[in-house]
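Below you'll find the structure, written out as structure tokens, and then a few comments.
The values are calculated or read from the model by the stated rules, or taken from the named source; none is laboratory data. Please read these numbers as outputs of a predicted model, since none were measured by experiment. Reconstructed Cβ throughout: ideal geometry from the backbone, glycine too, with neighbour counts over all protein chains shown. When the accessible area is computed, the model is the full protein with side chains, heavy atoms only, and any ligands, DNA or RNA have been set aside. Shrake-Rupley method; radii C 1.70, N 1.55, O 1.52, S 1.80 Å.
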Amino acid sequence: MMLGIVGGRVYDPCNGRDGEVADVWVKDGRVVEAAAIDRERAEIVDAAGLVVMPGGVEIHSHLVGAKVNSGRKLRPEDHRGNERVRAGAFRSGVGGTVPTTYVSGYLYSEMGYTTIMEAATAPLVARHTHEELEDMPNLDKGVFITMGNNHFIMQAVSEGRPEMARDYVAWLLKATKGYAIKLVNPGGVENWKWGKNVSELDDPVIGYEGVTPRKIVETLAWVNEELGLPHVPHIHGINLGRSTSARTTVETMKTLAGRRAHYCHLQFLSYGEGPRHVNKGEAAAVAAAVNADPAMTVDVGQIVFGQATTMTSDGPLQYSLHQTAGGRWMNDDVESESGGGIVPITYKRTNPVNATMWRTGLEIFLLVEDPWRVFLTTDHPNGGRFTSYPQVIRLLMDRAYREETFAGIHARARKGALLPELEREYSLYDIAVITRAGPARALGLERKGHLGVGADADIAIYAEQDDKEAMFAKPRYVFKDGVLVARDGVLVAEVPGRTFYVAPPYDPAIEDEIRAYFERAYTVAYENYAVLAGDVAGAEPVACG
Amino acid sequence: MSTVLEHVACPFCGCVCDDIAVEVDGGRVLKVKRACTSGQGVFMEYDPSPRLPRVRGAEVDWEVAVAEAAAILDASDSPLIYGLSSSASEAQRKAVALADRLGAVIDSTSSVCHGPTGLAMQAVGEPTCTLGEVRDRADVLVFWGCNPDQSHLRHLARYSANARGALTPNGRGDRTVYVVDVRETGTAKKADHFLQVAPGCDYEVLTTLRLLVQGGEPDVDVVGGIPVADLTELVERLKACRYGVFFMGMGLTMTAARQLNVAELFTLVAELNAFARCSVIPMRGHGNVTGADQVLTWTSGYPFAVSYARGYPQFSPGEFSAVDMLARRAADAALILASDPGAHFPRAAAAVLEEIPTIVLDHGPSVTAGHATVLFPTAAYGVDAAGTAYRMDNVPIPLSQVIETGRPTDEDILGRLIEAVRP
Ligand SMILES: [Zn+2]
């Protein structure tokens, strides 16, 4: 199978291409040199005047698994009116804030995205996550494994045995077919099982002598480096949503100063004390900390006005949201590992808290100077649906649209805002960085996010329009591994995806220790816990080190 | 030479105990260790002899049966797919794919057991936890309208009342156990406190408990047959506990206020969290009924009673639930997956199953299989087929193939039907 995309304006930041006219040649699903193609036999796509980018790379989205599925079940009202009709062999399903698996695959595909990362799975239910991933076509995938409240790790920290944590993490990533270390409110979720939380980095974790959020973060950052994982520790810090979050976020960043780490959905963690119980947006302070340390990356978790479903592994956060917002509340405490909760929410431009969150997210996008270190997310479905990305892109690229929207938000959220002063507009090149090249690089996915020789032929082609939301909502063509999967924003093919995972080597002696630990700590047998590579369709290991 | 397989999971009930040892020899199970009597039956009473499918009672080969079944589904204007809960999630996924393809109605046994629990969850949410949290942390347990002593024989020992965990090293000695039920069940006899609720009065007792949690004072002395003083004691105990867990069953879902009972309980548990950590776990029955809810939800958005007749999923319990589809004569053909509605459904619904053409996939004999137009004798997940089952707390557990019989799985047959029906 050979393909040529000829005459397009190529935005391929990894290879320094900023809209220059070039051809992209594809053979057997990979980008190749022109010389490797027999042009007589190649299918030619005339891309003259069109914008050619690598397929989108999602670095943080909640799409599959136990928590997401509870969110789906919880919200029948959110599905109605968002149904997708079966078309030929393509499955039907529902969209809304928590789409069904097939529909999620189709919608990402139709938006030009080809790789996604599921942002949080408790190890005990990783098998469930992989089952759902198998039912989410057209995407390559990876899964972040929550470890910030893991008993075995906290015990190792308590005993001052980081190498035990290292070997365990290596074993755990292999056992869950996970891709990265995820931390969610380290220590706080364990304390929530006692009805409490943490609020400072040096607060004690109940039951673990000497263990604090800071020590958990430091240990897992060290483990991540030791194992040479392709991604960095992916951190959802303490105090999310609270008026102390900006302070503890910056403190966490300083704790790991100079070490590689990713701070996710930063918008939710960038607040200080404000009048009348409305948090003050602290984008400037947080962005300054990001700008100061080139080792870190962040994604924004932009909120989008409208329906959302908050769902995180941060059990105490979800409970406090439930107390604030009222209404339905899901909680799920997971033995020895993790927890989580779900609360549906509607973000309104007329609500001063929501409007402050909206402009704080945009301020972070505009104040972080290096687009290679700030990525587009809505923390779907926490801040908004992933299908809102084209709208967020327009807000970043089009200052007039941004000002017009800003004028319509609650007056108290406008007061003190930096947004009106920020003249910066993202270019197409910048967008290619924050939605493709940057996340792929941060994830260590060498065949993703670029169109150089050897890349997977995941390609999105757009017709440029003044309205950037319309432009990015419906790509002209989307190719996955060289197969045309969507045309003019409509699905035309279903293809299976890969599941990337890591299996760093570890001292096998740890297995005896873990086996003995399982006898005490789990209701599931050690022998039944691990997800085998053969259980995961399209499993593909990614090298460490 | 016999072999002993360890850490085998039992597919019988929602406990999915995965510490079973099974001794096998030459395709036969010789001995089963640690399983309860129900679990013993799953392995020991399994008839592994090879069987051919049947069309209208006559043995045929597999291709003929698949073609016959496909013809029935193609000729149907309103097919119903029902059962699912004793199959593996791999087969459940295929069942939903077939329903989507056909524009069928699909429903699981959830609709006749914990369907109201799902509706309650949609109404108010659900604070829950895994069974290991119960074992490790819970110091107060309340069993409401469920009787694991009869239905989930290892539940009390392995996960709840007697289980020893990190913070409960003395097991039963570290817990206070309550039972609320209409009669003194086996579980009630093992409890510290039995609160006997008058039949049909659960809702008012739950509402009273909510009132007491908020500090209100009922102006009566007895509610639903239970002295208010006893309810007050329970509330005080829960407000002061380390970690309280409620288990609830069909005593709430299938009596009087049904989903309103359950929603009231879930709300009570949510409100208790202002004082002490509390969770609730529905006591799910069939081995993988939880998986049926999970699979239907991730593929259709809804946990049971789903119609694909309009080309997209619609959810309407009472309309698309199997009993109602049959009793209304709204289904003109049925595919029954690993379930026996012919024996368990109300007469008006079961009778219709004898009139319309049916396709039955089952590993053993049943009333429904006895009337099948096309019968596929498939493998039993957890015995002669591997797969995945979800425990009552939504934890997925691998089921092993302990003997090899060469029988096709439900997944195989459903996959062949998807290929064989009109696109
Ligand atoms: Zn997230």
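A few remarks follow.
- Separation of alpha-carbon centers, the stretch B:375-423 and the stretch B:135-171, rounded to whole Å: 31 Å
- HN-Hα J in Hz across the stretch B:250-263 - Karplus 6.51, -1.76, 1.60, θ = phi - 60°, x for Gly and Pro: 6, x, 9, 7, 10, 10, 5, 7, 6, 5, 5, 4, 5, 4
- Assigned charges on the beta-carbon of Lys, Arg, Asp, Glu; the protein assembly as shown dipole about Cα centre (debye): 1300 debye
- Chain B: relative contact order as a whole-number percent, Cα under 8 Å and 6+ apart: 25 percent
- In summary, the helical segments of chain A meeting the span-like criteria, namely a full DSSP H run, a Cα extent along the axis of 20 angstrom or more and a mean Kyte-Doolittle hydropathy of at least 0.0, are A:352-367.
- Share of carbon and sulfur in the accessible heavy-atom surface of the stretch A:305-432 [1.4 Å probe, %]: 48 percent
- Sulfur and carbon atoms: percent of accessible area, chain B [1.4 Å]: 50 percent
- Antiparallel bridge percentage (DSSP; both residues within chain B; nearest 5): 40 percent
- Anisotropy class of the stretch B:115-282 from Cα gyration tensor, a/c 1.5 cut: rounded
- Length-normalised contact order of chain A in % [C-alpha pairs under 8 Å, at least 6 apart]: 20 percent
- Summing Lys and Arg as +1 and Asp and Glu as -1 over all other residues whose Cβ lies under 14 Å from the Cβ of B:VAL235 gives a net charge of -2.
- Cβ-based net charge around A:GLY489, under 9 Å, with every Lys or Arg adding one and every Asp or Glu removing one: +1
- In order through the stretch A:88-100: 3J(HN,Hα) via Karplus (6.51 cos²θ - 1.76 cosθ + 1.60), integer Hz, x for Gly, Pro: x, 7, 6, 6, 7, x, 10, x, x, 6, 10, x, 5
- Take every DSSP beta bridge whose two residues both sit in chain A; close to 55 percent of them are antiparallel.
- Nitroxide proxy distance, nm - points 7 Å out along Cα→Cβ at A:SER199 and A:LYS348: 2.9 nm
- Accessible area per residue, Å², the protein assembly as shown with all protein chains present, probe 1.4 Å: 33 Å²
- Reciprocal mean inverse distance between Cα atoms of the stretch A:282-433 - Kirkwood radius, Å: 16.4 Å
- The stretch B:283-299 and the stretch A:316-353 have Cα centres spaced 24 Å apart.
- Average Cα contact separation per residue, the stretch B:158-242, under 8 Å, 6 or more apart, as relative contact order %: 18 percent
- Amide H contacts of A:THR499: A:LYS141, A:ALA539, A:GLU540, each under 5 Å away and 5 or more positions distant or on a separate chain (H built 1.01 Å from N in the peptide plane; Pro and chain starts excluded).
- Whether the protein assembly as shown is rounded, prolate or oblate, judged on the alpha carbon gyration tensor where a/c under 1.5 counts as rounded: oblate
- Three-way shape call for the stretch B:289-423 based on the alpha-carbon gyration tensor, with the a/c threshold at 1.5: oblate
- With 21 Å as the limit on Cα-Cα distance, the pairs of A:LYS182/A:LYS254; A:LYS196/B:LYS190; A:LYS67/A:LYS474; A:LYS73/B:LYS239; A:LYS215/A:LYS254 that go past it are A:LYS196/B:LYS190; A:LYS67/A:LYS474; A:LYS73/B:LYS239.
- Rounded to the nearest Hz, the phi-derived 3J(HN,Hα) couplings of the stretch B:107-123 under the Karplus curve 6.51 cos²θ - 1.76 cosθ + 1.60 (θ = phi - 60°) are 8, 10, 5, 3, 5, 10, 10, 9, x, x, 5, x, 5, 5, 4, 5, 7, where x marks glycine and proline.
- DSSP-defined beta bridges in the stretch B:115-282 - what % are antiparallel, rounded to 5: 15 percent
- For the stretch A:517-545, residues shielded by at least 20 square angstrom of accessible area compared with the chain on its own, probe 1.4 Å: A:ARG520, A:THR523, A:VAL524, A:ALA525, A:GLU527, A:ASN528
- Whole-angstrom gap from the stretch A:135-173 to the stretch A:69-98, using each part's C-alpha centre: 32 Å
- Cut-off under 5 Å, modelled amide H: who pairs with A:THR310 long-range: A:VAL343, A:ILE345
- Close amide H pairs (under 5 Å, H built 1.01 Å from N) link A:TRP329 with B:GLY125, B:GLU126, residues at least 5 positions away or on another chain.
- Buried accessible surface for the A/B pair, both sides summed and rounded to the nearest 100, is 4800 Å² with a 1.4 Å probe.
- 0 to 90° range, to nearest 10: angle between helix B:228-239 axis and chain B longest Cα axis: 80 degrees
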